[in-house]
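The values are calculated or read from the model by the stated rules, or taken from the named source; none is laboratory data. Since we're looking at a predicted model, the values are computed, not measured. Here the Cβ positions follow ideal geometry from the backbone for every residue, glycine too, while neighbour counts run over all protein chains shown.
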Amino acid sequence: MQIHITTSDGVPIYQQVVNQIKFLISSGRLNSGDELPPIRVLAAQLLINPNTVARAYRELETAGIVEKRRTAGTYVSEQGSPLARRERVKILAERIDTLLAEANQMGVSIDDVMKLVQKRHEAFQSARNEE
Amino acid sequence: MLDSISLSSPIVEIRGLTRKFGDKVALNDLSLTVPRGGVFGLIGGNGAGKTTLIKHILGMLKAQMGSVHVFGLDPVQDPVGTLGRIGYLSEERELPDWMRLGELIRYTRAFFPNWDESYAEELRESFDLDKKARIKTLSRGQRARAGLLVALAHRPELLVLDEPSSGLDPVVRRDILGAIIRTIADEGRTVLFSSHLLDEVERVADRVAIIHHGQIMLTASMEELKEQHRRVTLRFEQSLASPPNLVGSLSSTGQGKEWTYFCNGELTQLRSAAAAIGATVVEEAPLTLDEIFISRIL
């Protein structure tokens with residue numbers, strides 16, 4: 001599980017852990033039933049306070065994204081998918097906002113942006129088919 | 001976990017501590033409580049009083065006024081009862097230069113009944129320290145690692161690190177952060193460390209105290225600190241030559257119609273004060289510990 005912590009933008013570290021685990025689930029790099037690293041292991045790996053990891057796991061558990069099992073491990077829960085879908089939409093919406101702001105800056109109309117998105121989609125598809 | 005910390009008696013309890021060196025006031029009626037368990041970060045600029053405070057905790061300086069208690073004991077009157085339970089690494093990393101590393105380990109072991117031989121060996125190997133090397137020939141980084149080894153190997157209840165990362169490269173700093181994390185992973189152990197490298201403090205500290213001009217300006221959990229301090233950018237209807245003072249703000253910068261306020265915790269107050277004068281919040285973001293520190297001491 002790859003997580004990167006930065007202290008340069010002020011986002012609380014537990015929040016960074018929560019966001020990135022959500023992102024890993026949304027993007028399919030973590031799946032239902034996958035086990036998250038034990039708190040101490042992740043804390044030592046990221047060089048952050050174990051209590052911070054514990055807080056992030058608690059937050060994810062409350063949101064139903066992960067669950068604790070009797071064997072003491074923390075796992076991505078089965079119900080992860082509907083939440084993950086919402087999360088996916090949220091992540092995309094943020095990216096689209098950035099895109100729209102830049103398009104606006106450059107004086108590119110929404111119609112042209114839509115056309116460009118369609119064009120890039122087709123290029124993407126044909127590149128995939130060649131693989 | 002938080003409840004069990006606050007219920008047990010504090011590890012360090014300082015009341016009204018004043019210390020003068022000649023005319024210079026180093027500590028000024030300072031009070032500080034370090035609870036048991038977790039990592040306590042002491043942050044302050046050069047000359048703020050961090051090292052003087054730590055020397056009182058270690059019993060190296062006697063309180064001129066006020067009181068210092070560590071594990072409920074006076075460290076000056078009962079050095080045996082306190083120092084044996086503390087691991088300490090100073091900024092200067094004073095070590096006996098004439099010794100070889102193996103001798104340093106055997107020498108230090110004699111002072112600590114709880115010395116853990118296998119842990120010491122494990123640390124020595126992971127730090128890549130040569131038993132036969134003379135202390136004076138060690139590089140800065142290896143010297144810090146040697147200091148860390150002898151501070152950790154008796155598994156102290158309280159680990160005190162005074163500017164541990166000062167002047168060290170990122171690889172050694174990683175070892176030090178790792179040691180802090182490993183220490184508190186053992187239930188009930190406490191780490192007190194001072195630093196001006198605030199990104200490190202932000203990573204590992206549960207609680208933070210800001211020391212400035214020999215006084216504690218603020219003590220809070222890292223969580224509270226991050227939640228209460230925000231950067232709020234306001235847009236005013238007209239250009240302003242200087243920003244209006246708003247309740248709840250520590251400082252502000254900007255120009256024209258947009259001004260950014262550093263908020264001190266009363267976020268709702270600041271929002272309603274802004275709304276009252278017709279300003280709108282156009283951006284709001286959390287602050288880094290660096291920014292919080294600067295807005296607090298300036």
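For region B:231-263, which positions are touching a Phe, Trp or Tyr at 6+ places or on another chain (Cβ under 8 Å), of a type outside the set (Gly, Ala, Ser) and either closer than 30 Å to B:Phe40 by Cβ or more than 14 Å from chain A (Cβ to nearest Cβ) (or both)?
Correct list: B:Arg231, B:Val232, B:Leu234, B:Phe236, B:Leu240, B:Pro243, B:Leu246, B:Leu250, B:Thr253, B:Lys257, B:Glu258, B:Trp259.
I need the full set of residues from region B:201-215 which are β-branched (Val, Ile, Thr) and facing chain A (nearest Cβ under 10 Å), in order please.
Scanning region B:201-215 gives B:Val201, B:Val204.
Looking at region A:77-96, can you tell me whether even one residue there is hydroxyl-bearing (Ser, Thr, Tyr) and either surrounded by fewer than 12 Cβ atoms within 10 Å (Cβ to Cβ) or under 24 Å from A:Pro12 (Cα atoms) (or both)?
no
Could you pull out the residue among B:Ala120, B:Ala153, B:Ala179 that is away from chain A (no Cβ under 14 Å), surrounded by 23 or more Cβ atoms within 10 Å (Cβ to Cβ), among the small types (Gly, Ala, Ser) and closer than 27 Å to B:Val80 by Cβ?
When all the criteria are applied, what remains is B:Ala153.
Please determine whether any residue of region B:284-296 is aromatic (Phe, Trp, Tyr), crowded, with 18+ Cβ neighbours inside 10 Å, touching a helix residue (DSSP H, G or I) at 6+ places or on another chain (Cβ under 9 Å) and touching a residue at least 40 places away in the same chain (Cβ under 8 Å).
yes
Can you find a residue that is at pLDDT below 90, closer than 30 Å to B:Gly81 by Cβ, within 12 Å of chain A (Cβ to nearest Cβ) and more than 17 Å from the chain's Cα centre (by Cα) anywhere in region B:186-200?
yes
If a residue has to be closer than 22 Å to B:Leu138 by Cα and without any contact (Cβ under 8 Å) to a residue 24 or more places away in the chain to count, how many in region B:104-116 make the cut?
Count: 2.
Which of the residues spanning region B:239-268 are modelled with pLDDT of 80 or more and outside any strand (DSSP E or B)?
Across region B:239-268, the qualifying residues are B:Ala241, B:Ser242, B:Pro243, B:Pro244, B:Asn245, B:Leu246.
Kindly indicate the residue of region B:85-100 that is under 19 Å from B:Arg155 (Cα atoms) and at pLDDT 90 or above and also farthest from the chain's Cα centre (by Cα) among those meeting that condition.
Ranking the candidates gives B:Arg85 first.
Give the residues of region B:45-69 that are in contact with an Asp or Glu (Cβ under 8 Å, 6 or more places away or on another chain) and among the β-branched types (Val, Ile, Thr), sorted by residue number.
Result: B:Thr51, B:Ile54, B:Val68.
Taking the condition of being under 16 Å from B:Arg235 (Cβ atoms), surrounded by 16 or more Cβ atoms within 10 Å (Cβ to Cβ) and not small (Gly, Ala, Ser), how many residues in region B:264-283 meet it?
2
Given the criteria of a type outside the set (Lys, Arg) and facing chain A (nearest Cβ under 10 Å), does B:Leu218 qualify?
Spelling it out, it is not the case that B:Leu218 is of a type outside the set (Lys, Arg) and facing chain A (nearest Cβ under 10 Å).
Could you tell me how many of the residues in region B:221-230 are surrounded by fewer than 19 Cβ atoms within 10 Å (Cβ to Cβ) and either more than 14 Å from chain A (Cβ to nearest Cβ) or at pLDDT below 90 (or both)?
Of the residues in that region, 4 qualify.
Condition first: within 14 Å of another protein chain (Cβ to nearest Cβ) and modelled with pLDDT under 85. Now tell me which residues in region B:288-298 satisfy that.
Result: B:Ser295, single match.
Go through (1) touching a strand residue (DSSP E or B) at 6+ places or on another chain (Cβ under 9 Å); (2) touching a residue at least 24 places away in the same chain (Cβ under 8 Å); (3) among the small types (Gly, Ala, Ser) and name the single condition B:Gly81 misses.
Here B:Gly81 meets the rest and fails (2).
If you check B:Gly256, B:Gly167, which single one turns out to be surrounded by fewer than 22 Cβ atoms within 10 Å (Cβ to Cβ) and in contact with a helix residue (DSSP H, G or I) (Cβ under 7 Å, 6 or more places away or on another chain)?
B:Gly167
Can you find a residue in region B:273-287 that is within 14 Å of chain A (Cβ to nearest Cβ), within 34 Å of the chain's Cα centre (by Cα) and among the acidic types (Asp, Glu)?
yes
Restricting the search to region B:38-67, which residues are more than 13 Å from the chain's Cα centre (by Cα) and crowded, with 23+ Cβ neighbours inside 10 Å?
Selection gives B:His56, B:Ile57.
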